[in-house]
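Nothing in this text is a laboratory measurement; each read-out follows from the coordinates by a stated rule. Bear in mind that the values here come from a model prediction, so they are computed numbers and not experimental data. In this analysis, Cβ positions are derived from the backbone assuming ideal geometry, glycine residues included, and neighbour counts consider all displayed protein chains.
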Amino acid sequence: MAAVVQYFDELEIGLCVRINRYGRSAALRRFFSVVSRLGDGGAWLLLGAIVLVLAQAVPFVLRAAAIAAIGVTLY
């Protein structure tokens, strides 16, 4: 059992080191920074507006807004 754990531990360390090297790329860091910013709310507001206009889904958008407000309040 210990050999299996050691095997996966070494596998994980190698994988983490390889992935960490990619993090040194400025372009990759900028990409994930933009993705992170979009996830902060801008993309969700845009998506809600698009759904509201194209699908005329007022109940859906109102429900999503209410759930978001509850989530922010609890946070």
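From the list ALA43, ALA64, the one residue that fits, being touching a residue at least 12 places away in the same chain (Cβ under 8 Å) and either outside any helix (DSSP H, G or I) or surrounded by 10 or more Cβ atoms within 10 Å (Cβ to Cβ) (or both), is ALA64. For TYR22, the criteria (1) surrounded by 10 or more Cβ atoms within 10 Å (Cβ to Cβ); (2) in contact with a helix residue (DSSP H, G or I) (Cβ under 8 Å, 6 or more places away or on another chain) hold in every case but one, which is (1).
Looking only at residues that are touching a helix residue (DSSP H, G or I) at 6+ places or on another chain (Cβ under 6 Å) and in a helix (DSSP H, G or I) in segment 52-61, which one is surrounded by the fewest Cβ atoms within 10 Å (Cβ to Cβ)?
Our first condition is that a residue be touching a helix residue (DSSP H, G or I) at 6+ places or on another chain (Cβ under 6 Å); within segment 52-61, this holds for 52, 57, 61.
From what's left, in a helix (DSSP H, G or I): 52, 61.
Numbers: LEU52: 15, VAL61: 18.
Among residues in segment 52-61 that are touching a helix residue (DSSP H, G or I) at 6+ places or on another chain (Cβ under 6 Å) and in a helix (DSSP H, G or I), the one surrounded by the fewest Cβ atoms within 10 Å (Cβ to Cβ) is LEU52.
Checked against (1) part of a helix (DSSP H, G or I); (2) over 25 Å from the mean Cα position of the chain (by Cα), SER33 passes all but condition (2).
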